[in-house]
Amino acid sequence: MVLGHRLTGNWAYTFKGLDHEDWRYTRYRETQSPFIFQIINFFGLNMMPTVLVFAAMLPGFGLFESTEAANMLTWLGFAICISAATLQLVADTQIHRFREEHPGQYCDVGFWKHGRHPNYLGEISMWWGVWTMYASVYGLDCLILAPVAMTALFLFISIPMMEQRQLQNKPGYAEYKKKTRMLI
């Protein structure tokens, strides 16, 4: 729920109108044939992330079914989730302010000084926090694949796409990339 509020708030803050299209859609629309774009759009940009988010929420659904009392591991998972949501909120706020004051530049202040993608670190941490709460009740099982899959989505798809875009559009980003870690 916290994640949904943050994403909705971030969307509302950056909403540019119904005629604005996310750069990922534009990129594929311009580089692929219309038929291939529709396949990428349906499976890659819409279906796969939706299925992964649903799978990553399975541990959360399991928590609602549990009658077990919270234990130390449950509270640790909860703390990870709250920390992750706070990290995302602060990172989003920092980058929005930076973009308003320094259009066309990469952000290297606040959390962005210590990691190139603190908002993605928060997102990844959120899924691990949900799973930690689940594991506190049910133990280690195959649902560990949920946060593993979300982590893989960010590390192997979202972050590389963003990095490629930043390298093309932000002067000096290559040097920033050399001196600043990806997540932490």
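Scan (1) in contact (Cβ under 8 Å) with a residue 40 or more places away in the chain; (2) open to solvent by 70 Å² or more (accessible area, probe 1.4 Å); (3) not aliphatic (A, V, I, L, M) for the single condition THR50 breaks and write down its number.
(1) is the only condition that THR50 fails.
Do you know which residues across segment 83-99 are touching a Lys or Arg at 6+ places or on another chain (Cβ under 8 Å) and either open to solvent by less than 20 Å² (accessible area, probe 1.4 Å) or not in a helix (DSSP H, G or I) (or both)?
ALA85, GLN88, ASP92
Suppose we filter segment 109-148 for residues that are surrounded by fewer than 17 Cβ atoms within 10 Å (Cβ to Cβ) and more than 16 Å from the chain's Cα centre (by Cα); how many remain?
So the answer is 11.
Please count how many residues of segment 62-78 are surrounded by 12 or more Cβ atoms within 10 Å (Cβ to Cβ) and either among the hydrophobic types (A, V, I, L, M, F, W, C) or part of a helix (DSSP H, G or I) (or both).
Residues meeting the conditions: 9.
Just need a number here: residues in segment 135-180 that are free of Cβ contacts under 8 Å to residues at least 40 places away in the same chain, among the hydroxyl-bearing types (Ser, Thr, Tyr) and closer than 18 Å to VAL109 by Cα.
Of the residues in segment 135-180, 0 are free of Cβ contacts under 8 Å to residues at least 40 places away in the same chain, among the hydroxyl-bearing types (Ser, Thr, Tyr) and closer than 18 Å to VAL109 by Cα.
Among the numbered criteria (1) open to solvent by less than 50 Å² (accessible area, probe 1.4 Å); (2) at negative phi; (3) in contact with a Phe, Trp or Tyr (Cβ under 9 Å, 6 or more places away or on another chain); (4) modelled with pLDDT of 95 or more, which single criterion is violated by SER158?
(4)
The values are calculated or read from the model by the stated rules, or taken from the named source; none is laboratory data. All values reported here derive from a predicted model rather than from experimental measurement. When we count neighbours, we look across all protein chains shown, and the Cβ atoms used for this are built from the backbone with ideal geometry, even at glycine. Side chains included, ligands, DNA and RNA excluded: accessible areas come from the protein's heavy atoms. Shrake-Rupley method; radii C 1.70, N 1.55, O 1.52, S 1.80 Å.
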